[in-house]
Amino acid sequence: MGKKGKKEKGRGAEKTAAKMERKVSKRSRKEEEDLEALIAHFQTLDATRTQIVETPCPPPSPRLHASLSAHPEKDELILFGGEYFNGQKTFVYNELYVYNIKKDTWTKVEIPNPPPRRCAHQAVVVPQGGGQLWVFGGEFASPDGEQFYHYKDLWVLHLATKTWEQVRSTGGPSGRSGHRMVAWKKQLILFGGFHESTRDYIYYNDVYAFNLDTFSWSRLSPSGAGPTPRSGCQMSVTPQGGIVIYGGYSKQRVKKDVDRGTQHSDMYLLQPEDGKEGSWRWTRINPAGAKPTPRSGFSVAVTPNHQTLLFGGVCDEEEEESLEGDFLNDLHFYDATRNRWFTGQLKGPKSEKRKRRRGKKAEPEGPDRQEHGGTSAQEPLEVVREVVTEDGTVITIKQMFATPGPAGKPQSNEEDSPDEVGGPVVEPSPRSNAMLAVKHGRLYLYGGMFEAGDRQITLSDLYCLDLQKMQEWTALVEMDPGTQEWLEESDSEEDSNEGEGTEDEDSGESDKEAGGECGACAHQGQQETHGPAAPEPRALHQTSTSGVTSLPKP
């Protein structure tokens, strides 16, 4: 009897998770069936496309929870999907845009039989067959943002032929948002995410592998204690062949109609076990260095030297009936080889004086520069600002600005301000759920969101940062957040219709094609927005905002 009881106790957590998943699945089935008809209608409209149409266009309209990927062979970035919320209605997209880096031009590419509209999905590029973009999962929401449909489909965009293909294979992950996916050897490895209905939700910590040769799914069962269920975490492949999981977001019910969110800051390594085909193990790791403050809605990319780059996000301050956050625009780098975090510190614009000082030994470049000290009158000016996290911790963020004036001229007190030192500082505004991609050693950042009072600002700007020089951001596309339409709940239906017409004109979609607010909007990870009694953060965009109901996603 004792042995039997011990065995059942060990399986308790697994049984509870399975029971919760069945409960959520049953309650959400009806509302997802309602949305399936709307999704089918959209697909009928998409089916009218019979040929590939490429149209030069202005930069895409504001959105978040999209995916931005670097073409493996061409100097191009690929933007797919996403969502936009105007205060009353959410629009979900399945548009495909291509940004030509050398020409600085955008092209809208319409391809027959695309995936249904979605946000908070995951996209991974692999070099096979001239380049492939693999897309899994994500979500669609009703126009009123009250119902969510979570996809479990897998698609591949063949970049060489510009054709979409749905890959049907059994045994894959359940429908979800806020999950993470990476390319590992000839496989796609997927972790975590969440699923929610109107009344229930569940977070995952399961791991799946999709074989790119056999087109088959398998669920992995790593040994060791792994991460707790979560969405919107960092997932990246290390130079040693392991996979790192950092942070993320989850929530749990503390009492009826009251949920409490958790911004995770723990870190795990998933790696194959030596000599055991298909066997993996979890190991908890504790990196040294300047670790990022706890946050959700951060964005992730991998640098040319295989360091993982983390940008921005939001630090939540959660009360029983409200959720507010401080948005960030800081950079952090994780070096798996040294198991160490570094703060991304910019040097500032290169001054004329520094150009003439060629006789001196060059200063180290890149994200590791903060380990080297020493300043002089001729070296960049260090400017320090402080950010207070949700737990009251004061975090110091340092930036470097070039020294002003011609060589040999003493610096006056009036010349100490950053604006006078190098002109206005160019950098992305603090935000969550931005889209990142790295190409030729340059980091590209598109869109995202932040909150101003009760208003959610969705961005469409584009920035670039040279990761080798680490000097300054370059604004490729700018936008004035003050010009963005925002419809208050008290606005009349007539105003709402007018607003929808404006958005439809900008996005090229009719009211019938517009989707609902992405449930992940208030989710973590690569996206979200919060407000009173806000829903959980979505794994793709786990960001918190005051006064706006939304969830974090990736």
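Karplus-derived 3J(HN,Hα) values for segment 216-232, using 6.51 cos²θ - 1.76 cosθ + 1.60 with θ = phi - 60°, are 10, 8, 8, 8, 8, 10, x, 7, x, 7, x, x, 6, x, 5, 9, x Hz; glycine and proline are entered as x.
For segment 114-208, a/c is not less than 1.5, where a ≥ b ≥ c are the root eigenvalues of the C-alpha gyration tensor, and a/b does not top b/c. That puts it in the oblate class. Among the listed pairs Lys162/Lys251; Lys162/Lys185; Lys152/Lys469; Lys74/Lys186, those with a Cα-Cα distance over 29 Å are Lys162/Lys251; Lys152/Lys469.
Between Ala475 and Ser169, the distance separating the two model label sites (each 7 Å from Cα on the Cα→Cβ line) works out to 4.5 nm. Surface composition of segment 106-263: carbon and sulfur make up 47 percent of the accessible area, probe 1.4 Å. The amide H of Trp280, built 1.01 Å from its N in the peptide plane, has Ser221, Ser223, Glu273 as neighbours under 5 Å, considering only residues 5 or more places off or on other chains. Ordered by solvent-accessible area of protein heavy atoms (1.4 Å probe), largest first, the residues Val244, Val438 come out as Val438, Val244.
Distant-in-sequence amide contacts of Leu212, defined by a placed amide H-H separation under 5 Å and a gap of 5 or more residues or a different chain, comprise Gln187, Leu188. Centre-to-centre separation between the Cα atoms of segment 216-257 and those of segment 121-163: 20 Å.
With all protein chains in place and ligands, DNA and RNA left out, the 1.4 Å accessible area ranks Glu277, Glu95, Glu472 as Glu277, Glu472, Glu95, largest first.
Taken per residue, the accessible surface of segment 215-272 reaches 42 Å², heavy atoms only and a 1.4 Å probe.
Element breakdown for segment 31-81 at a 1.4 angstrom probe: carbon and sulfur atoms account for 53% of the accessible area. Peptides 100-106, 150-156, 251-257, 463-469 ranked from most to least packed give 150-156, 463-469, 100-106, 251-257, packing being the mean of other C-beta atoms within 10 angstrom over each peptide's residues. Annotation: amide H-H contacts under 5 Å for Thr163 (H modelled 1.01 Å from N, sequence separation of 5 or more, or interchain): His158.
Seen through its C-alpha gyration tensor, with square-root eigenvalues sorted a ≥ b ≥ c, segment 29-164 comes out prolate because a/c lies at 1.5 or above while a/b is bigger than b/c.
The values are calculated or read from the model by the stated rules, or taken from the named source; none is laboratory data. Values in this document were obtained by computation on a predicted structure and should not be read as measured data. With ideal geometry, Cβ positions are generated from the backbone for all residues, glycine too; neighbour counts draw on all protein chains shown. The area values use the complete protein model at the heavy-atom level, side chains included, leaving out ligands, DNA and RNA. Shrake-Rupley method; radii C 1.70, N 1.55, O 1.52, S 1.80 Å.
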